[in-house]
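Right, one structure below, let's go through it.
The values are calculated or read from the model by the stated rules, or taken from the named source; none is laboratory data. Since we're looking at a predicted model, the values are computed, not measured. Glycine also receives a Cβ, built like all others from the backbone with ideal geometry; neighbour counts cover every protein chain displayed.
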Amino acid sequence: MSAKRTERLLNLVIALLSTRRGFTKHELFDEIELYGEAATADAREKLFDRDKAFLREQGIPVESYTEEAMFEDSTTQRYRIRQDAYRLPGVRFTPEESAVLTLAARMWDQASLGSAAARALRKLHARGVLPGDAGAMPLQPSIRTNDPHFDEVWRAATTRTPLTFGYRPPGAAAPSVRRVQPWGMGSRFGHWYLVGYDLDRAAERIFRLSRMEPPVRLRPGTYTVPADFDIDTSLASLDDVYAPQPAVVDVHTDAGAALRLQAESVEALDAFRDRLHLRVRDLDALAADTAALGAAAVAVSPPDYVTAVHTALTRALAAQSLPLPDFELADAAAPARRPASAGAQDHLTRLLDLVPYVLADQGADMNETAAAFGVSKEQLAKDLDLLFVSGPRHYPNGLMDVSFDDDRIYIDNAEDLSEPVRFGMDEAAALIVGLDTLAALPGIGATAAVASALEKLTEAAGEAGGVGTAVAARLDDTAGGTVLAELQQAISGARQLELRYLVPRRDEVTRRTVDPRRLFSVDNTWYLEAWCHRAEAPRNFRVDRIHGVRDAGPALTHAPEPGAAFPASLFTPGPLDQRVTLVLAPAALWVAEAYDAERRAALPDGRTAVELRTSDAGWIPAFTARLGGTAAVAEPAELRRATLAWLQEAAANYPSA
């Protein structure tokens, strides 16, 4: 049924594009044979109405108008798709612009808008943008969208739909229900925020997605966003909300390397303890870092910081103390089956994109084209067969000529579908927000290609281009823009560096001599891929843990092979790895993806057991403390007992909190 629906929709698009005058409903029923399979005339009418609505939802501009008939007081409804409204404007991109556009699309590879970014890039293939153009760039940023409720907030903000959700601000004992008209959303300080009009407080408010609690629901209705609204301007107000403030923590003399690097001053209390005085922007992040030190650190002030650490430890201890239900791990399940409408959307979009893609590169290789569209070679052949038989029923000369017998694809006589479809909102957002994010990065963001590509793309996107003022993704700048720029310069200049590098698992600062190769980001965190001379092997170094960079002369090793893929994962399984089972609350399910969980099991209480592999499980107790009650160790039994004891000792530092 899905294949027939796609064929019917494709023929409907081709028919409506083929005429300036348009077709009546009954002319379309006669032209498109599959409408004749409806059981009754009434069913056929409803089928056509659903098809029209579906195409319009996908951004395909099905237009209806009335034409005066021969008889008085009678009108005829006609339908058409105007070519100028359907087609992506004929903008062209330079090789430099093509490279940054490809980079902008790849930023979403592991995020919610990944498929939209890939579709947008395929459409731009006909405008000279080739996926390989960014291959030589030693930089691969990525945008993180695994904050809770991202998809719901995104839909609300981009479709102007009211939203209700539970919200628990810092220090609140219980969440309150908020009714909001979303104006926009953006990331800052490593978190995503919603900006909108709070109906109950009659004012603009900012909400952090990680503090939202279910149910998060879209509500009926619509609204108008103020003409002068700009997401960056609103998010800039967080600089005042998160202005640096003093904090004090006591740490063991041989612990707290990360906190010591942030300290403004260090005061020796006795032979065993130091008092660190800091100024921090995010008390929540400091509380997580302090909780992860366990009994080796005690928060002193301010009270909100002390409470946050105590709460994280007591919740982690409570979660670790819970009895475990019986469960049996199984291989990670395949993604949930998408609704039929989603399948039809993907298939129709692929077919409409395939024609201009091949026309821009006649003789395209079958395997390469299948990879570009994310399908098998067999599925691509089926798609090409469908294109070959699609078109006007009564004008067989209007059918497309499709050939792929020698594994090279040729398409002819396809004028109506020769140009790519205009961007949908998601597609425009993926590329525009990606380019805007690149523009804010030190180094690459200053290039003229980013600015010119953004200008051209925004103009070509038309109405959908307005998303640039509603969504903004800012990669975490706390890693240090200066260090990021220095690393880029070292890579481009083939220079060796000496790094002062923090190793949290050992709670120490080390010195590493490295030959930098590439920079990439994962989950809002920047990493340097480099040849480490101490390890005599490639290693990944977190940029925010680099606390000093010194030029050490020309690099000695070669860069990666041209076109070599950036790491798909930070974790490489080894034969000596330990297997650790964690029980995760819904808010911590991101851990399963971030740490490549291979097996999992759903628990009756709504939590999920996941199995991770690690070369050293010593970091696990501190990790559960950092997650503040949303994760607990289940297996192995020895690690479960050790984690419980570790958390009990840490929580004992706050007997009266």
Checklist entry - Do we have residue 472 as closer than 16 Å to residue 141 by Cα, at pLDDT 75 or above and either surrounded by 15 or more Cβ atoms within 10 Å (Cβ to Cβ) or in contact with a strand residue (DSSP E or B) (Cβ under 9 Å, 6 or more places away or on another chain) (or both) here? => result yes
Checklist entry - Inside region 194-229, can you point out the residues that are farther than 18 Å from residue 161 by Cβ and part of a strand (DSSP E or B)? => result 203, 206, 208, 213
Next on the checklist: Given the criteria within 27 Å of the chain's Cα centre (by Cα) and in contact (Cβ under 8 Å) with a residue 60 or more places away in the chain, does residue 590 qualify?
Outcome noted: yes
Next on the checklist: Given the condition over 31 Å from the mean Cα position of the chain (by Cα), exposed (fewer than 15 other Cβ atoms within 10 Å of the Cβ), among the small types (Gly, Ala, Ser) and closer than 29 Å to residue 460 by Cβ, answer yes or no: does some residue in region 36-46 qualify?
Outcome noted: no
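So that you can scan it fast, the table gives a plain yes or no per residue for (1) of a type in the set (Lys, Arg); (2) outside any loop (DSSP other than H, G, I, E, B); (3) buried (at least 18 other Cβ atoms within 10 Å of the Cβ); (4) modelled with pLDDT of 80 or more:
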position	(1), (2), (3), (4)
97	no, yes, yes, yes
137	no, no, no, no
155	yes, yes, no, yes
173	no, no, no, no
Item to check | Scan of region 57-84 for residues that are surrounded by 11 or more Cβ atoms within 10 Å (Cβ to Cβ) and either modelled with pLDDT under 85 or within 19 Å of residue 122 (Cα to Cα) (or both), ordered by number | outcome: 57, 58, 59, 60, 67, 75, 76
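So, of the residues in region 521-540 that are in a strand (DSSP E or B) and surrounded by 20 or more Cβ atoms within 10 Å (Cβ to Cβ), which turns out to be modelled with the lowest pLDDT? Please lay out each step first, then the result.
Taking region 521-540 first, the residues in a strand (DSSP E or B) are 521-522, 525-532, 537-540.
If we keep only those that are surrounded by 20 or more Cβ atoms within 10 Å (Cβ to Cβ) too, we end up with 521-522, 526-531.
Details: 521: 80, 522: 73, 526: 83, 527: 88, 528: 90, 529: 89, 530: 91, 531: 92.
Within region 521-540, the match that is modelled with the lowest pLDDT is 522.
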Next on the checklist: Out of the residues in region 225-235 meeting the condition of being in contact (Cβ under 8 Å) with a residue 40 or more places away in the chain and over 21 Å from the mean Cα position of the chain (by Cα), tell me which one is farthest from residue 184 (Cα to Cα).
Outcome noted: 226
Item to check | Considering residues of region 489-508 that are within 30 Å of residue 255 (Cβ to Cβ) and crowded, with 17+ Cβ neighbours inside 10 Å only, the residue modelled with the lowest pLDDT | outcome: 507
Checklist entry - Which condition number in (1) over 25 Å from residue 382 (Cα atoms); (2) surrounded by fewer than 18 Cβ atoms within 10 Å (Cβ to Cβ) is the one that residue 23 fails? => result (2)
Checklist outcome for this item: Of the listed residues (596, 551, 544, 616), the one being over 22 Å from residue 291 (Cβ atoms) and modelled with pLDDT under 90 is 596
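Could you tell me which of the residues 302, 246 is more than 23 Å from residue 173 (Cβ to Cβ) and surrounded by fewer than 16 Cβ atoms within 10 Å (Cβ to Cβ)?
Answer to the selection: 246.
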Next on the checklist: Quick check on region 186-217: of everything there that is free of Cβ contacts under 8 Å to residues at least 60 places away in the same chain and β-branched (Val, Ile, Thr), which residue is surrounded by the fewest Cβ atoms within 10 Å (Cβ to Cβ)?
Outcome noted: 206
Checklist entry - Can you name the residue in region 377-400 that is touching a helix residue (DSSP H, G or I) at 6+ places or on another chain (Cβ under 6 Å) and of a type in the set (Gly, Ala, Ser) and, of all such residues, is modelled with the lowest pLDDT? => result 391
